Structure formats: C-alpha cells, structure tokens
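Heads up: the structure comes next, in structure tokens.
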Amino acid sequence: MNILGINAYHGNASAAIVCDGRLIAAVEEERFNRVKYAAGFPSAAIRYCLAAAGITLAEVDHIAIPRNPWARLGTKLLYAIKMPSFARERAKVLARFVGIPEALAQAFDTSPEKIRARFHRVEHHQAHLASTFFVSPFEDAALLSADGLGDFASTMWGVGHGQRMKISGSIAFPHSLGLYYTAVSQYLGFRKFGDEYKVMGLAAYGQPAYLDEFRRIVRTNDGVGFRLGLDYFRHHRTGPDMTWSDSGKTPEIAPMFSDYMAERLGPARDPAAPVEQIHRDGAATLQARLEEVLFGMLRALHAETKQKAVCLAGGVAFNCVANGKIFDQTPFERIFVQPAAGDAGLAVGAAYFVHHQILGRPRAFVMENAYWGPEYSDEQVRAAVNASRLASEGMEIAELSEEEIAREAAKEVAAGKILGWFQGRAEWGPRALGNRSIVADPRRPDMKNILNARIKHREMFRPFAPSVLAESTGEYFEKSYPSPFMTQAYSVRPEKRAVIPAPTHVDGTGRLQTVTREANPRYWRLIREFGNLTGVPVVLNTSFNDNEPIVCRPEEAIDCFLRTRMDVLVLGNFLVRKPPQAGAPR
Ligand SMILES: [Fe+2]
C-alpha cells in the first residue's frame, strides 16, 4: 500500500511517501529548487520520494492532498460577497487544486488517466493534526494545531486514540494566532515571510510592558478559544493577501496590522530603522500574550480530554520558547512536535490521515528521527570531492574511518574551528539536526560573533542552538524531556551558562536538540568525542547554509564551504581543511 502526500501551491511545498504504514521519505521542494519556503508544485520532491521507495507513479495507490477547497464554504462565500478580490483569489486557488492530477501527469510526462491512484482531499488542519499524532509515540493524546491560515481555519483541536482522531473544535478566519504573530512582527518592522522566528529571538531582550493592550489584541474566554481584536488588523477587510507564486518563489505577505495598531502602540518600525527598546518590549509582549493564550487553550484542552500527552502542529508549534514552558504551565506531562510542524509537514499528515483515518489501518510507525531526505553514496561524495576545486585551491583532503572522522572533527571544533558537517540523509523540516549542520565550540563567548561575521550574517539578537548528548541533558538543562527536533527551549542550568555561553540565549535558555546514539550515531559520536576532549558533551549547531535553503547535495555543501569562511568540512568520511591563510583572523 503506497500513499503519496503532496503539499502543493502553498508555502513550504513538499512531498512524502508512506509504504505499508512506514514513512519512507519526506522532503521540501526548496531543498531541490533552492528557493527558500518555495511554493508551487513539488515535482522534484515527489520524484525523490518515489525513487526512495523504489516505485513508479503507476504503483502509487493513494494520493493525499492536504487541502480541501470545499471546507468552510459558507464562510468563504460570505467573504466573497463582501470582497470581490477575495473571490477572484479563491477561484484561482480552486482551479489550481482541482488541477493537481494534471500537474502531476505533466511532471511525469504521462496522462492523468494513467494515474490509477485514488485522490483524497484532507482538510488543512486535520492533516496538521495527523502529521503529529499518527507519527507520535502516543497511543492516546490531546491534539492541537495552530497556524496562520489553511482551508479558512487557523486552529483545530481534538483527541487521538490509536488510528482515529476526533475533532472537537476549530477557529475560522479571521481569528488566528499565527496571523496575530505575523501582523505584530510586521508592525515591529519584520516584514518577510518567516521573520516571526527573529521576533521570537528578540523577545528575550525585552519586557512584556504592554500586556493590557495586547490582551485587547487577542481576547480569550475560558474555553479552548480566542478572538482577535479586529480593529488592530486589516486582513479581515483585505482578505488574507498572500502571494503563493506558481514559479516556486518565496511567498509574500501584505501588511496585516491596521492604522489603529499604530495609533495605540506608536508608529510602526520602518524595517530599515534600528531596533530600539520599545521594539524589544513589543516583541516580548507579543510572545508573552501568545504564551498566555496558548497555555490557556492547552489547559482547557486538558480539562476536556483528560490526556497526559499532547501533540502539537502548525506554525505556532515552532514556538520553541512556548513549547519549553508547557510542562510548567499546563498539566500535560508529555509532548510531541514533529520536525516539520509547519506546512511542509502536511504532506506526511495527509498521507497518514488516509492510512489511518480513511483506510482504518493500525498504527505501526513512530517518527524517531528527522532524517527522511536525500542521501548520497560514498561514491557520489567521492565524485563530488574529486570534481570540486577543493584540491586545486590547496585544501588538505583526508579519507578516514568513521571513528577517526568523529575524533578529528571534534579536535578541530575544540580548537575553535568552524566545521561543516554533512552526513547521511537530509533533515525533514527547517532545523539542521546533525546531518547538514555547521558545528562550533559552545564554550567560546565570542563564537556567536565569529559565526555571524564569517558565515551566517544574522541579526545579533538571534540565538544559536545547542546539541547535547541525550544522556547529559539534565546536567546542562533544567528539564530533560527529549527535544530531538529542536522544538523546545529549556533553561540552561545557571551554573552551566558560563560553560556554554555561545548557544545560551540572553534569557538563559537554549533551543536544544537532544541527540541519541540510536537516532544519529555519527553525530552522537562527534559530540561524545568533543565531550571527551573538553568535558562538555554539547556543541553549537546551526544549519549548513548561507542565506539559502539548507544544503542538500554534497556539491552544495562544498560550494557553501568554499564561499564562506568555514575552516573544516566533513563530507561522509572525507575531512577537508582549508589552509590556515584561508581562515579569518579571530
Ligand atoms: Fe498550516
């Protein structure tokens, strides 16, 4: 039984393949077409998924599309009557989604009649919920999906038992925690798609000084719900003005905050203007109010479901700062967030929704690691090294055993070198988790500056993240509940903050990845070797890229290594050192 999930014509286009209930592959289109957050039709991702499963399109039994244009039709019609531009946009969306069999046939140079698979439309948030619950380790769990907007809803919740999910509520457009976060981020001068992350980092530098006002921006009751104070927004008047380009370009979003927000909070920050304390406090209040609302909803969801475990999905589930506080702020004792909690994850969710909820098959899979993307054989890596400029530019190239490579690489990191670390299958989701990572010494207070100056060029208020051996988590962090996908931030133990200053944020937290030997033996070994050398089984881990999607192929890793001021590159069992003069003065 082969089920192909396709998230198309939406940010983070992606594909996933599930064979007999097991996830075989899942990947975002951006990793292939090299356009961050790419929308459009994920032809390359589908092609990769089929190849990884060793099947052709003709052997796919079911195709799951995480979008149902017919969902909430009544609400959509009401808006269409009020807003003709919105009606036109909806008509375009509908035409695209109805045309998915044709797009697929075209991509595979066949005719739609030759695709024998049955097509299923799965509502956006049901796919989100399926993407987390059906691959979680829990037999029973409360479920919450929260994001900007999908199929005209922003939020959905319910409970999962075995192979069934029961939905108990949802919140429709225009009320949305994701759009709230986006609109205030835009107001604070962060206008690009995906900038919410930056604002979450900035929040730690401020105080929640405007909570009274923000409690009017998002209003709550005692249940699992909230409403936006619509005066502060404009999306309900203009329609959700997001451009998902067909050409696979990065999505764009029009400003969603109203003049009234600026009247109440002061003028919006020009993106080119400096970030001041008022903006830091605005970010802190934005985050604090999100947490209040989210925890209130989770407490109500707990009261409703009486479950110990909760599965989260949707863009809001990427809020690692909030996730890290769930154990303190709600009665939930266990949490699961899969690595592609945002819309890329819909491809996995739709496929599992078909497998369990529609076909009634029993559960047989737990997502224990994030490595569902492309991998390259030793021969392919060797060919990429040989075809590159590495040797001609005077790099020292060594081929080592698996043990040696971890030991040598750890020595370089302990000596303050910046390491590009490329191994095995690419990560699923936006976080590098030890297969396409840049690794550095967490003990150096200046490492954040060095990384920013030499490679990442990020705003200084954005934190870098730590990877810690799972068995040492409690020694360094105040909580030890696993965070294998970097979806929770925990407080670093006060006595350890000076030990790992580089990935410790200004508020004393770290968005950690807990690494087990089972999930990633090579990365685990690298961190253990670093621990043996330094006494600190933690490394700083940031994504292997430079203002682009995370590298996917060895050629892209080599190119990024040559283009930036990284010192050492490990590709499989190859270790490449730049000559000393190529490194930067520190
Ligand atoms: Fe979504």
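The values are calculated or read from the model by the stated rules, or taken from the named source; none is laboratory data. Fair warning: this is a prediction, and the values are worked out from it, not measured in the lab. Backbone-built Cβ (ideal geometry, glycine too); neighbour counts: all protein chains shown. All accessible areas refer to the heavy atoms of the entire protein, side chains included, with ligands and DNA or RNA removed. Shrake-Rupley method; radii C 1.70, N 1.55, O 1.52, S 1.80 Å.
Global size of the stretch 252-364: 18.7, 55 Å for Rg and Dmax (C-alpha atoms, Rg to one decimal, Dmax whole). Between amide H atoms placed 1.01 Å from N, distances below 5 Å from Val218 occur with Gly229, all of them 5 or more places distant or on a separate chain.
In this rough spin-label picture, where each label sits 7 Å from Cα along the Cβ direction, the Leu400-Glu471 distance is 2.2 nm. Considering the stretch 507-562, its Cα convex hull presents a mean projected area of 5.7 nm². The fraction of all Cα pairs in the stretch 186-310 landing in successive 5 Å bins from 0 to the largest distance is 2, 10, 16, 20, 19, 15, 10, 6, 2, 0, given as whole percents.
Over the chain, what relative contact order in percent results from Cα pairs under 8 Å that are six or more residues apart?
Once normalised by length, the contact order is 17 percent.
Restricting the trypsin sites (Lys or Arg not before Pro) of the stretch 325-434 to loop positions (DSSP other than H, G, I, E, B) with no more than 14 neighbouring Cβ atoms within 10 Å leaves Arg389. Taking only protein heavy atoms and a 1.4 Å probe, the accessible area of the chain is 50% carbon and sulfur. The mean accessible area for residues of the chain, using a 1.4 Å probe and ignoring ligands and nucleic acids, is 37 Å² per residue. Size of the stretch 391-435 from its Cα atoms: along the principal axes, largest to smallest, the extents are 34, 26, 22 Å. Its residue count N fixes a reference of 2.2 N^0.38 Å for the chain, and the Cα radius of gyration divided by that reference is 0.94. Taking other residues whose beta carbon is less than 9 angstrom from the beta carbon of Ser543, and scoring Lys, Arg as +1 and Asp, Glu as -1, yields +2. For the stretch 475-569, the alpha-carbon radius of gyration amounts to 1.20 times the rule-of-thumb value 2.2 N^0.38 Å expected for a compact globular protein.
Taken about its Cα centre, the stretch 55-115 carries a charge dipole of roughly 640 debye when the Cβ of each Lys and Arg holds +1 and the Cβ of each Asp and Glu holds -1. Relative to its residue count, the stretch 1-73 spans a Cα convex hull of 90 Å³ per residue. Restricting the GluC sites (Glu not before Pro) of the stretch 377-421 to loop positions (DSSP other than H, G, I, E, B) with no more than 14 neighbouring Cβ atoms within 10 Å leaves Glu393. Go through Lys192/Lys578; Lys306/Lys479; Lys92/Lys456; Lys76/Lys306; Lys448/Lys496 and tell me which ones have a Cα-Cα distance over 29 Å in this structure. Exceeds cut-off: Lys192/Lys578; Lys92/Lys456; Lys76/Lys306.
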